[in-house]
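Down below is the structure, laid out as structure tokens.
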Amino acid sequence: MPPSAMTPRMAPKSTGSVFSLSLYMFFALMVVVFSSMSRTFLTFSNIYGTILNGAPLVLITCAINFALLAGTLDLSVAAVGYASGCVCGIMLRNLQSPLWMAICAGLGVATVVGLINSLLIVKLKMNAFLTTLGMMLAIRGVGKIVTQDRTILMGKVLADIRHMKIGSLGGFPVLLFVVAAVVLVSQLVLSFTRFGRHVVAVGCDERAARNLGIDVPRVRTLALVTTSFICGIGGVVWVITLGSVITRGLNGYEFLAIAAAVLGGTSLFGGRGAFFPGALIGALILLFIADGLTIVGVSPYTMPFVRGAILFAAMYVDSLRVRFT
């Protein structure tokens, strides 16, 4: 086939590897710059604290990655995580429920929201952007009603859980183990299962996927439910790491997660991306940029501007990636 007949997805991958390499170079440059400006940036305590506190963002990034790979969008991811965290926290604090029951309830809420989203988007053919935007606003509103727009302090209920470690793994923190497990399992599912291959096929070309006999509605439904389920895990981890339920919890994380996923190589047009190292690296870049700016004394009021600039840059890089790969 002559080069002129190649479609963007059939083009040589050398340019794509350049984009991937530039991501790692940017990450390394960021570490060098912030390390030269502050001695505390590369300390173990700072790295550990940044990753632990940023665990919800990593999980929500992995969650939205499933939706993006399948060629759809879910703007309710952060709100779903917030709802799951609220349910888990309220059951622990007010109902004195066992931990396992509170976690299952939080994950159950997330799964139900994912089913509702998939019903509206896949079955009723509603616009994914507007549907999940409406779901996001609705969940936030319900959260304010349930919490009465007040912060719920968990006290010592979650303090021990936050610092739990796995002795057989050399004292590896339980929460970080959960994050690592979600990222690795997601990548394994994407790379080595029929569902993962079907997600990529549907995201690349829905019509071609149908011609190959792939059940597109089923694949998109499973992708949206999986997205919400992982958000539920992120919400539970958020409550445990924070030790409280706040009314503006995870606010804006849906856009940060999209930016992190795109920075990691996931295409907004579907069919291209990875969880490890792609989405993980993208999330870590956002986390350590925010941490580095805080350490060097940059005003917190400039943080939204920086995040907005990163989001615009991620969109531009994605457009270049689609054009040249």
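Of everything in the stretch 63-102 that's over 19 Å from Asn127 (Cβ atoms) and of a type in the set (Ser, Thr, Tyr), which residue is surrounded by the most Cβ atoms within 10 Å (Cβ to Cβ)?
Once the filter is applied, the top-ranked residue is Ser84.
Looking at (1) over 17 Å from the mean Cα position of the chain (by Cα); (2) part of a loop (DSSP other than H, G, I, E, B); (3) under 22 Å from Cys62 (Cβ atoms), which is the only condition Gly249 fails?
(1)
Which residues, taken from the stretch 106-164, are polar (S, T, N, Q), within 22 Å of Leu68 (Cα to Cα) and not in a helix (DSSP H, G or I)?
From the stretch 106-164, those polar (S, T, N, Q) are 111, 117-118, 127, 131-132, 147-148, 151; that's our starting set.
Cutting the leftovers down to within 22 Å of Leu68 (Cα to Cα) gives us 111, 117-118, 127, 131-132.
The answer is Asn127, and nothing else.
Scan the stretch 130-151 and tell me whether some residue there is under 23 Å from Glu206 (Cα atoms) and either touching a Pro at 6+ places or on another chain (Cβ under 9 Å) or in contact (Cβ under 8 Å) with a residue 12 or more places away in the chain (or both).
Filtering the stretch 130-151 for residues under 23 Å from Glu206 (Cα atoms) gives 130-132.
Okay, now just the ones that are also either touching a Pro at 6+ places or on another chain (Cβ under 9 Å) or in contact (Cβ under 8 Å) with a residue 12 or more places away in the chain (or both), so 131-132.
Yes - at least one qualifying residue is present in the stretch 130-151.
Look at the stretch 249-306 and say how many of its residues are under 23 Å from Ser36 (Cβ atoms) and of a type outside the set (Phe, Trp, Tyr).
Number of matching residues: 21.
Identify the residue in the stretch 117-133 that is surrounded by 16 or more Cβ atoms within 10 Å (Cβ to Cβ) and within 21 Å of the chain's Cα centre (by Cα) and, among all such residues, is farthest from Asp215 (Cα to Cα).
Step one: list which residues in the stretch 117-133 are surrounded by 16 or more Cβ atoms within 10 Å (Cβ to Cβ), which gives 117-118, 120-122, 128, 131-133.
Checking which are within 21 Å of the chain's Cα centre (by Cα) leaves us with 117-118, 121, 128, 131-133.
On the way: Asn117: 18, Ser118: 14, Ile121: 15, Ala128: 19, Thr131: 22, Thr132: 22, Leu133: 26 Å.
So the residue we want is Leu133.
Give me the residue from the stretch 271-302 that is touching a Leu at 6+ places or on another chain (Cβ under 7 Å) and part of a helix (DSSP H, G or I) and, out of that set, nearest to Ile60 (Cα to Cα).
Checked the stretch 271-302; the qualifying residue nearest to Ile60 (Cα to Cα) is Ala283.
Could you say which residue among Ser4, Ser35, Ser22 is surrounded by fewer than 16 Cβ atoms within 10 Å (Cβ to Cβ) and either at pLDDT 90 or above or not in a helix (DSSP H, G or I) (or both)? Walk me through it before giving the result.
Values: Ser4 fails: either at pLDDT 90 or above or not in a helix (DSSP H, G or I) (or both); Ser22 fails: either at pLDDT 90 or above or not in a helix (DSSP H, G or I) (or both).
That would be Ser35, the only listed residue that is surrounded by fewer than 16 Cβ atoms within 10 Å (Cβ to Cβ) and either at pLDDT 90 or above or not in a helix (DSSP H, G or I) (or both).
How many residues does the stretch 211-241 contain that are more than 17 Å from Ile121 (Cβ to Cβ) and surrounded by fewer than 20 Cβ atoms within 10 Å (Cβ to Cβ)?
Keep residues of the stretch 211-241 that are more than 17 Å from Ile121 (Cβ to Cβ), which gives 211-214, 230, 232-241.
Still in the list and also surrounded by fewer than 20 Cβ atoms within 10 Å (Cβ to Cβ): 211-214, 241.
Looking only at that region, the number is 5.
Please enumerate the residues belonging to the stretch 165-180 that are in a helix (DSSP H, G or I) and among the β-branched types (Val, Ile, Thr). Can you show your working first?
Step one: list which residues in the stretch 165-180 are in a helix (DSSP H, G or I), which gives 167-169, 174-180.
Once the filter is applied, which keeps residues that are in a helix (DSSP H, G or I) and among the β-branched types (Val, Ile, Thr), the stretch 165-180 yields Val174, Val178, Val179.
Within the stretch 92-149, track down each residue that is of a type in the set (S, T, N, Q) and over 30 Å from Leu268 (Cβ atoms). Don't jump to the end; show me each part of the working.
Step one: of the stretch 92-149, the residues of a type in the set (S, T, N, Q) are 94, 96-97, 111, 117-118, 127, 131-132, 147-148.
Listed by number, the residues that qualify are Asn94, Gln96, Ser97, Thr147, Gln148.
The values are calculated or read from the model by the stated rules, or taken from the named source; none is laboratory data. Fair warning: this is a prediction, and the values are worked out from it, not measured in the lab. Positions of Cβ are generated from backbone atoms using ideal geometry, with glycine treated the same way; all protein chains shown enter the neighbour counts.
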